Amino acid sequence: MNLKHQRILFLSLIILWVTVIYWFSNQQGDTSSAISSSMSYRILELFYPNFQQLDLANQMAIFDGFHIIVRKLAHFSEYAILWFFSYRFLRTYPFNKGQCYVMAVIFCFGYASLDEWHQSFIPERSPSFKDVLIDTSGALIGGFLHISLEKIIKKKIQVFEI
């Protein structure tokens, strides 16, 4: 695939992904909480088969902690994915990998900030700088993992070429 097609593909994926993030952020607090609670409950039942057999107080204590983790991991992973699409888009231009990494992180930080500001206009939602930091951490760590995997794969390929 040539650079022009890659550029169009990754720009399209960026637009699609920021639309997905916007859609999630545009949900009222009760709707957002209901969706993530349902997801958390399903995941919890999968990994903790005896969850239903606990008394209600223990169920609620476990669920509340788990639900917070699931919500924050969702933020984290959303922005790891956004970083990847942004990085791949930027790589179609004559920047080095380090510049692309940093620019993609800055883009994710900027979009996370705009997203939190947007939430200030949604009923039952509020902006959180902590969420911006979690989102940006997702971009930083997702980017680090991607670049690390690229290096590992490149080394393995070189070993097979020898």
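The values are calculated or read from the model by the stated rules, or taken from the named source; none is laboratory data. Computed from a predicted structure; not experimentally measured. When we count neighbours, we look across all protein chains shown, and the Cβ atoms used for this are built from the backbone with ideal geometry, even at glycine. Surface areas here come from the heavy atoms of the whole protein model, side chains and all, with no ligands, DNA or RNA. Shrake-Rupley method; radii C 1.70, N 1.55, O 1.52, S 1.80 Å.
Annotation note: GluC sites (Glu not before Pro) in the stretch 77-131 located in DSSP loop regions with a Cβ neighbour count of at most 13 within 10 Å are E124.
Over the chain, with the other protein chains present, what is the accessible area per residue in square angstrom, probe 1.4 angstrom? Please report the intermediate quantities before stating the final value.
Details: 10360 Å² over 162 residues.
Value returned for the chain: 64 Å² of accessible area per residue.
Just so you know, the Rg over Rh for the stretch 1-105 is 1.16, from Cα atoms, with Rh as the Kirkwood radius. Screening the chain for whole DSSP H helices of 30 Å or more along their axis (Cα) with average Kyte-Doolittle hydropathy at least -0.5 returns 3-25, 56-90, 97-119, 129-161. Ranking I106, I43, I14 by solvent-accessible area of protein heavy atoms (1.4 Å probe, all protein chains present), from largest to smallest, gives I106, I43, I14.
Over all distinct alpha-carbon pairs, what is the Kirkwood Rh of the stretch 1-44 in angstrom?
The Cα-based Kirkwood calculation yields 12.6 Å.
Among the chymotrypsin sites (Phe, Trp or Tyr not before Pro) in the stretch 38-140, those located in a DSSP loop and surrounded by at most 11 other Cβ atoms within 10 Å of their own Cβ are F121. The lysines whose alpha-carbon is closer than 16 Å to the alpha-carbon of K130, local same-chain residues fewer than 8 away aside, are K72.
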